[in-house]
1. Using the structure shown, decide if residue B:65 is in contact (Cβ under 8 Å) with a residue 12 or more places away in the chain and outside any loop (DSSP other than H, G, I, E, B).
2. Which condition does residue A:185 not pass, out of (1) crowded, with 23+ Cβ neighbours inside 10 Å; (2) touching a helix residue (DSSP H, G or I) at 6+ places or on another chain (Cβ under 7 Å); (3) modelled with pLDDT of 90 or more, if it passes all the others?
3. Pick from segment B:159-178 the residues that are more than 11 Å from chain A (Cβ to nearest Cβ), without any contact (Cβ under 8 Å) to a residue 40 or more places away in the chain and closer than 12 Å to residue B:201 by Cβ: which of them is surrounded by the most Cβ atoms within 10 Å (Cβ to Cβ)?
4. In the list A:271, A:292, which residue meets the criterion of being over 17 Å from the mean Cα position of the chain (by Cα), surrounded by fewer than 21 Cβ atoms within 10 Å (Cβ to Cβ) and in contact (Cβ under 8 Å) with a residue 12 or more places away in the chain?
5. Of everything in segment B:369-381, what is touching a residue at least 24 places away in the same chain (Cβ under 8 Å) and within 19 Å of residue A:108 (Cβ to Cβ)? Give them in sequence order.
6. When both residues are 6+ apart or on different chains and their Cβ atoms are under 7 Å apart, which pairs have a first residue that lies in segment A:167-194 and is without any contact (Cβ under 8 Å) to a residue 60 or more places away in the chain, and a second that is assigned to a loop (DSSP other than H, G, I, E, B)?
7. Looking only at segment B:60-79, filter to residues that are crowded, with 19+ Cβ neighbours inside 10 Å and farther than 18 Å from residue A:50 by Cβ; which one of those is farthest from the other protein chains (Cβ to nearest Cβ)?
8. Can you name the number of the only condition in (1) surrounded by fewer than 18 Cβ atoms within 10 Å (Cβ to Cβ); (2) within 19 Å of residue B:271 (Cβ to Cβ) that residue B:224 fails?
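The values are calculated or read from the model by the stated rules, or taken from the named source; none is laboratory data. Note that the coordinates shown come from a computational prediction; the quantities given were computed from them, not determined experimentally. Glycine gets a Cβ as well: all are built from the backbone with ideal geometry, and neighbour counts include every protein chain shown.
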């Protein structure tokens, strides 16, 4: 065996092992999620909202809502948040140096006045210009601060909160009326829960009025339907599985509740990464494992947060690049806990999985060049390769539609036959074109990681009310 | 693999078809039950033939309808609903499933029986609580919470003793609900040798205590466990009884900070003249959280915030206490009220308001005043506030005033006045 053949052998072995591992992870997560999804909705039906509403155990929660140039949706969002079914609730909106009239809209709509409220900067943030109280709604507070990014805004909100739990909510998202109660149920029932989150679903296409989803429907834009399929897979398959293993590393910034003391103890959201929602969860895992205290980070699939997704390629591209860059930043920051016995599932399973996912675009791209090269060299066994390709494609299809299937087996939010067909079709079609587009953008994200541009991830908002 | 995929997808569609058909049948049945219950609640009799209740799903639909009505029903209607629940055999079916069903069925049955206030199932529920796995325990505890039956107290405490659960909050919640109006049944457990029991019972008592329990509570103020002492302090405060004063006073000098914190909170609930001094004294506590609590608690006693602000500023010089008090004033709208009354025709009201604003300015808390200068609709108010800023704010107001000049909503006259103030080389601000 000469050197070239040896390299060929090693590279082939690496690629096959890589994908075998990847699919093994997927299969494992799918099976775990299937089990979880089979039991979860039934247990969720046991929730008695009126009991939790009046219960001594229901902890007060502060909703922390960072807002940057959200004039179109902010007032409607705040009204909807204040109308959530939850007994002891405060809402803190953080105007992160918006360049539009976000603060003005809030001042006019809620009759805000500036006030001297105790603010202890336990977590360092950019300068807070003022704190506003509403003369109409006592549960609402607004922080006006110098722009510092989403993490910075969240940290400012955490500094002002006085409750044992805080819940981060995106200003452009809509929570279902019982969503907070349902997500906090995990914490009420188990005092080792330190963070919990619900599912994020896509609001594009839904009928919305007064900050409430009136009718669930699939979006008409193809790009948005692809994302619906992706989100279903990501949440119902990935997060449910990781939650079951207590290795959940992502609590969505759009809707995630944390114990305030733990969040403060770990230093709040990191300001030097764009993957702040993942980074903070990894730090929480590290912190709790270091203290050797029993803890859980959980995902509850039935509380729903509806959010708008990009429908233009440019915006989606920016988002995906940012996600990829964020993932790499988190992995680089926490590389020291890979395969550390003390870090358990997080160090041995979860982080390596995300490392595989982060490097998948590179491996796939490499494969696109490697296969033609070995074919040209005459080393490709065509029969074997065809079999491998067929297997990979069919297994890929199963995994692609797995999210849709999990949704169908559990919550069935998309009720019409047409929607189910569309979802299945898009799950299959995702493999051709959309998948490659993502691959390309994620590669760009890898480049971004080395160049490190700084942005808030701005998206053009149309406002739910106007769209409906 | 292709066949497997195709079969799988076909199965999904078939499943959905069957489910949809089933749901529509269930919906029809639900409507039927709604009509029957409506008639029954209006005083009409039951129809001669009620729909079948043979299968589990049929009973579940009927139950759903009853539980749906239960939420908004009056006492009389609830009695009627409960009688329907029993007449239709739903009660017996649930009770049977409590013992023989699967995990989920047991949990669901416990909750249904709890929500329907079936007090006669209490022994069954307590029995299940002691032998059930953890998933069902939570549901049974919820059911006991819903029942709120004082007879369950002993069983709940026994559960604590035998199982020593890691998570005690559901037990506590159930004890609170069961202990409402029956706090005397909780009191004997304050002497239990197990600290866990004492702590949970004391926490429950803190929510349901009545003034007649003071004498029984006082000895527990010297408990060895600080958790218990803190809860007892809270309970003593909740009684509002002057007899509790001495015990709370002892707890207010406890070496553990959170016991002192609860004692300060308790002080604020006892209407005695001596409490003022104790709270003022607590504002010098070594822990900032206790000082903060004292500052906010004292506000309930002394209606004159100016006096308090003066004392904190001049005697204590404590930033935490000062900020805590001002935050309370802001949150309760007192500062905004003072702003609005600053030009009141009633001299006493006007003077009090002015004094409060002056105190805030001296404490270098400018937000409320400057916000009013910027946004208040009354021209006279804005002018008066500017006068007070000029006379009392000092040079530290220069920066916020400078910032205020950047506002687009500031009126021309206020802008000119501020520019004049800032132009002065040495005078305040």
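1. For residue B:65, the condition - in contact (Cβ under 8 Å) with a residue 12 or more places away in the chain and outside any loop (DSSP other than H, G, I, E, B) - is met.
2. Every condition holds for residue A:185 apart from (3).
3. Among residues in segment B:159-178 that are more than 11 Å from chain A (Cβ to nearest Cβ), without any contact (Cβ under 8 Å) to a residue 40 or more places away in the chain and closer than 12 Å to residue B:201 by Cβ, the one surrounded by the most Cβ atoms within 10 Å (Cβ to Cβ) is B:178.
4. Exactly one residue qualifies, and that residue is A:271.
5. B:370, B:372, B:373, B:374, B:375, B:376, B:378
6. Here the result reads A:191/B:167, each pair linking segment A:167-194 to a residue that is assigned to a loop (DSSP other than H, G, I, E, B).
7. B:62
8. In the conditions (1) surrounded by fewer than 18 Cβ atoms within 10 Å (Cβ to Cβ); (2) within 19 Å of residue B:271 (Cβ to Cβ), residue B:224 misses (2) alone.
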